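Notes to accompany the following structure.
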């Protein structure tokens with residue numbers, strides 16, 4: 001599988017760092033990172049044609065992950081977004097899938113799970 | 001919000017057992033190490049607190065507390081870097097690790113509560129350095145304690 005271009009959205013520098021390391025070790029390229037909903041939208045807009053996948057935390061400052069997901073899907077119905085959250089509530093996961101998210105990863109996550117999910121979503 | 005004011009759900013020993021086990025598994029998943037549940041459920045005063053406010057069927061706060069030494073140890077495990085200070089004036093890694101720690105524990109607890117019919121959502125995590133159980137006005141206060149590599153980690157569950 002060739003490496004994908006990924007936008008990471010999470011307000012924790014720890015999680016950003018973990019995802020950058022995992023994804024780069026898996027051969028992917030991190031296009032950019034955002035720590036809040038508003039900058040996530042701006043960065044997605046600026047790099048829309050390059051981004052293959054977005055990892056998107058649900059609980060972030062400003063617009064939350066679900067609002068960001070909604071706006072990304074409106075900009076690009078073919079966007080591939082994987083939601084990430086410490087909460088694994090069925091109702092939230094279903095709502096995200098209905099809006100257009102392709103998959104969901106619950107924290108704490110392992111590298112194998114992250115890479116397998118990226119591979120599955122971008123095949 | 002049908003449950004508001006009915007705190008009887010939080011008196012259930014089965015819920016306490018479920019929460020304790022759920023937190024243990026979250027801690028083990030995050031720290032990649034064995035976690036022992038402690039039998040004593042009294043409050044213990046620590047130096048470092050990661051807090052998350054939640055709202056929904058009930059409102060409240062979940063804290064993860066630990067001493068500075070434990071926080072530095074946890075930060076080192078998670079980041080793979082030598083961490084000597086909680087606030088180093090640069091990237092404050094230990095601070096962010098504990099913050100994320102609180103987020104993960106609270107998120108997993110919210111998932112369990114949802115399965116028990118209590119629907120809550122988390123707010124963006126913040127961190128405080130003090131919690132006084134005598135000054136807390138929470139209607140429900142639970143203290144869950146764990147041992148990790150000889151250090152104590154405490155999870156405080158408060159319901160307004």
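Quick check: the angle from helix B:13-31's long axis to the longest principal axis of chain B, C-alpha only, nearest 10 degrees?
20 degrees
What is the percent of Cα-Cα separations in chain A that go past 22 Å? Walk me through the numbers before you get to the answer.
Details: 1719 of 7503 pairs.
Summing the P(r) of chain A above 22 Å gives 23 percent of all pairs.
I'd like the orientation of helix B:93-115 relative to chain B: the angle between its Cα long axis and the longest Cα principal axis, in ° from 0 to 90, rounded to 10.
So the helix axis and the longest Cα principal axis differ by about 20 degrees.
Find how much the distance from residue A:42 to residue A:98 grows on full extension, using 0.36 nm per residue of separation minus their present alpha carbon separation; answer in nm with one decimal. Numbers along the way, then the final one.
Numbers: separation 56, 0.36 × 56 = 20.16 nm, distance 2.32 nm.
Separation in residues times 0.36 nm, less the Cα-Cα distance, equals 17.8 nm.
What's the Kirkwood radius of the protein assembly as shown in Å, using all Cα pairs? Present the calculation step by step, with values, prior to reporting the outcome.
Values: mean 1/r = 0.0513 Å⁻¹.
19.5 Å is the Kirkwood radius here.
Go ahead and estimate [θ] at 222 nm for chain B from helices alone: -39,500 (n - 2.57) per DSSP H run with n ≥ 4, summed, over the residue count, rounded to 500. Display every interim value, and only then the final one.
Numbers: 3 runs with 54 residues, N = 160.
Roughly -11500 deg cm²/dmol at 222 nm, from the helical runs in chain B.
Starting from the Cα of residue B:160, step 7 Å along the direction of its Cβ; do the same at residue B:76; then give the gap between the two resulting points in nm.
4.0 nm
Over 5 Å intervals from 0, what percent of Cα-Cα pairs in chain B sits in each interval?
Final binned percentages: 2, 9, 19, 23, 21, 14, 7, 3, 1, 0.
With no solvent and one equal point scatterer per Cα, compute the Debye intensity ratio I(q)/I(0) for the stretch B:34-73 at 0.14, 0.32 Å⁻¹ and report its log10, rounded to two decimals.
Each listed q corresponds, in turn, to -0.45, -1.07.
Could you identify which residue out of B:68, B:85, B:12 has the top mean-square fluctuation in a GNM of chain B using Cα springs shorter than 10 Å?
B:12
Angle between the Cα long axis of helix B:68-79 and the longest principal axis of chain B, 0 to 90 degrees, nearest 10?
Its long axis makes an angle of about 80 degrees.
Rounded, prolate or oblate: which one fits the stretch B:118-160, using the alpha carbon gyration tensor with axes a ≥ b ≥ c (rounded when a/c is under 1.5, else prolate when a/b beats b/c, else oblate)?
Values: a/c = 1.62, a/b = 1.39, b/c = 1.17.
Since a/c reaches 1.5 and a/b is larger than b/c, the shape of the stretch B:118-160 is classed as prolate.
Could you work out [θ]222 nm for chain A from helices alone, using -39500 (n - 2.57) per DSSP H run of at least four and dividing by all its residues? Round to the nearest 500 deg cm²/dmol. Display every interim value, and only then the final one.
Details: 5 runs with 57 residues, N = 123.
Calculated at 222 nm, the ellipticity per residue is -14000 deg cm²/dmol.
Given contacts defined as C-alpha pairs under 8 Å and at least six residues apart, what's the relative contact order of the stretch B:69-160, whole-number percent?
Values: 84 pairs, mean separation 16.0, N = 92.
So the answer I get is 17 percent.
Report the semi-axes of the equivalent ellipsoid for the stretch B:73-160 in whole Å, largest first, where each axis is √(5λ) for an eigenvalue λ of the Cα gyration tensor. Intermediate results must be reported in sequence, preceding the final value.
Working: eigenvalues 136, 49, 39 Å².
So the equivalent ellipsoid measures 26, 16, 14 Å along its semi-axes.
Here, each number is a calculation from the coordinates, and none is a lab measurement. Since the structure is predicted, the reported quantities are computational estimates derived from the model, not experimental observations. Backbone-built Cβ (ideal geometry, glycine too); neighbour counts: all protein chains shown.
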